[in-house]
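None of the figures in this text is laboratory data; all of them are computed from the coordinates on show. For clarity, every value in this text was computed on a predicted model and none was experimentally measured. Note: ideal-geometry Cβ built from the backbone for every residue, glycine included; neighbour counts use all protein chains shown.
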Amino acid sequence: MYAEEVADMAGRIRDEDIALVRERTSIADVISETVTLKSAGGGNLKGLCPFHDEKSPSFNVSPARNVWYCFGCGAGGDAIKFLMDAEHLSFVESVERLAARAGIQLRYVENDHAAPRSRPQHGQKQRLVAAHAAAVEFYRAQLTTAGARPAREFLAQRGFDRAAAERYGCGFAPDAWDLLTKHLRQQGFTHQELVTAGLSRESRSGTLIDRFRRRLLWPIRDLTGDVIGFGARKLFDDDDGPKYLNTPETPIYKKSHVLYGIDQAKREIAKQGKVVVVEGYTDVMACHLAGVTTAVATCGTAFGADHIGVLRRLLLDTDAVAGEIIFTFDGDAAGQKAALRAFSDDQRFVGRTFIAVSPDNMDPCELRLAKGDLAVRDLVARREPLVDFALRHVISRYDLDTVDGRVEAMRRAAPLVAKLKDREKRPEYVRKLAGDLGMEIEPVQRAVLAAASGQPAGEAPAPARPGPTVDSPQSMVEREALKLALQEPVLAGPMFDAVEAAEYRHPVHVAVRAAIAAVGGAAAATAGAVWIEQVRDACEDLAARALVGELAVEPLRIDGEPDPRYVSVTMARLQWGSVTGRIRDLKSKIQRVNPVERKDEYFALFGELLSLEQHARALREQAAGGL
């Protein structure tokens, strides 16, 4: 659990330094490097959660309190926790990353003694990233040597000068077996670290040798800009290896998640709401240099679901906001197959998906070299909807001059139209498909409806289940009271603590109220991530712990800043619900008591009822006072 890890690790970094890191870290800036955030009102921000797949943004960030919470999956915490979850760092690694960002010099202690450590023990991820950073500098220096002439010629022949090579960190793996390995070992990296990083490998004799040799290299970076791997291109005819060789799977390099160029393209992708997916490293370079600054490429694997997840978060691809995804593929059979696979994956996007194919079947790098930067920009501008391309490709396989050919083409094409996310476009594509096939609209429409329902033609799809009901008024006011205690403890604390826990009815709300009491009450707290974590850690069940994170970022039900009057109104409403419930129960009980046979009990209950009704009137006036 997060709190246990904090407790375990806090002894290694001084508590006051951890507090300083939290204070000086802008959680919005940290999260914005991974997730595109938009205003959610009330000073809060929202975006697509990086920890689960979703179509509508449920990931909320509260810059005022430096906390985040996802209403979809229940994850939440502060900036330290975000880095731990998003980049798989330990607590210490996350604090160190944020401290370096804020320019804070951390102090370390051993076994609760105040002796600072001169050199902290870095976590595995940080060591592997450092090894790659050192390798980048080594390979870049090698690119200027005499032996790297074929690599420089390769780049020049494709239109990339020295400045372009430096911009993308291109390098050269020399004609030597262990030059990089020796260099990195001299810098203090261990045998195991180099093997784990994928930079070196063991030879048959057991010695350590370089993984890449006699190849042009591109460093591959993650969203944060850290180098996590390399792509290596064959240069010599006597090299019997594959044309492209990539870093193997490592703790920091997962090819199914990696997109080359994402570090340079991410801000433009978020800004323009558009991404161009190309096929290779040189295509990314060519696009960026030609002015298509949103280009990215996969690294040694097909474009898949994990890549889509990365792009959807950058595009803020939701039901409310739809971006553009433009695939560029060669016009050959392999390129067409890749495009059709992309259409299948397209259903994971809400945004509009397009394909751009050069008339001469040239990739962006070849196109830039042959016809210049403008031709690359025009290629992207001339994109066509991916569904149009897919339909044309499917239909082209059948002889439309025959009845059998037209019917079979209809059967194959109808599911593509049925898959369209934007249902309002389906009737238009039904008409278009009917015209392309030379058929009447009715049979095509029946085929599409059958494909959409997943049932034989003529059968209607099952009705959708009704959605969940809204919370009760009592539950909503309980939430508001708890939000005030978590978000504004200095303002709301005294009034909040004065209202007994018995006023809460929802079991999870009761648990959160008990947790607040367990850590000393809201009146003794100061707002911020530390207070919220204290309450979260005091919760005895997972549902309550998740609710704390949720309430910490959920906007208050008030326009503007809360004031004492709003707190008073909220607490009055909270008690009003409880008091009116007790009045109802008491009236029912009085009706069951015979006033003649049980006179004393009757008058005692009646007196209690009068007192409760008087209290209810006072609460009603208090609750109405702030509206």
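What the table shows:
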| read-out | value |
| --- | --- |
| Mean separation of Cα contacts under 8 Å (6+ apart) over length of the stretch 473-624, as relative contact order % | 27 |
| Computed over the chain: relative contact order in percent, which uses C-alpha pairs under 8 Å that are six or more apart | 11 |
| Chain lengthening between residue 166 and residue 541 when straightened (0.36 nm per residue, less Cα-Cα) | 129.7 nm |
| Nonlocal amide H pairs with residue 58, under 5 Å, H built at 1.01 Å | 47, 49 |
| Positive-pole candidate from 441, 409, 420, dipole of the stretch 397-453, charges at beta carbon | 420 |
| Candidate lysines for bridging to residue 234, where Cα separation is under 21 Å - those fewer than 8 sequence places away on the same chain excluded | 243, 255 |
| Built amide H within the under 5 Å cut-off of residue 67, gap 5+ | 62 |
| Residue order, fewest to most surrounding Cβ atoms within 10 angstrom, among 606, 212, 354, 154 | 606, 154, 354, 212 |
| Residue order, fewest to most surrounding Cβ atoms within 10 angstrom, among 588, 205 | 205, 588 |
| Where labels lie 7 Å past Cα in the beta-carbon direction, separation of residue 146 and residue 102 in nm | 5.3 |
| Residues whose placed amide H lies under 5 Å from that of residue 355, excluding near-sequence neighbours | 327, 384, 386 |
| Rounded if a/c under 1.5, otherwise prolate or oblate - the stretch 485-582, Cα gyration tensor axes | oblate |
| Distance in nm between pseudo-label sites at residue 20 and residue 176 (7 Å out along the Cβ direction from Cα) | 4.2 |
| Sites residue 271 and residue 374 - FRET efficiency at Förster radius 25 Å, r taken between beta-carbons, to 0.05 | 0.70 |
| Rounded to 5, percent antiparallel among DSSP beta bridges of the chain | 75 |
| Pair residue 187, residue 402: separation of 7 Å Cα→Cβ label points (nm) | 6.5 |
| Shape of the stretch 185-283, Cα gyration tensor, a/c cut at 1.5 | oblate |
| Extension gain, residue 388 back to residue 603 (0.36 nm per residue minus Cα-Cα distance, nm) | 69.3 nm |
| For the chain: rounded, prolate or oblate by the Cα gyration tensor [a/c cutoff 1.5] | oblate |
| Whole-angstrom gap from the stretch 544-619 to the stretch 219-283, using each part's C-alpha centre | 62 |
| Residue order, fewest to most surrounding Cβ atoms within 10 angstrom, among 177, 218, 68 | 177, 218, 68 |
| Computed [θ] at 222 nm, deg cm²/dmol, the chain (DSSP H ≥ 4; -39,500 (n - 2.57); rounded to nearest 500) | -16000 deg cm²/dmol |
| Residue (of 180, 42, 393) at the positive-pole extreme of the chain, dipole from beta-carbon charges | 393 |
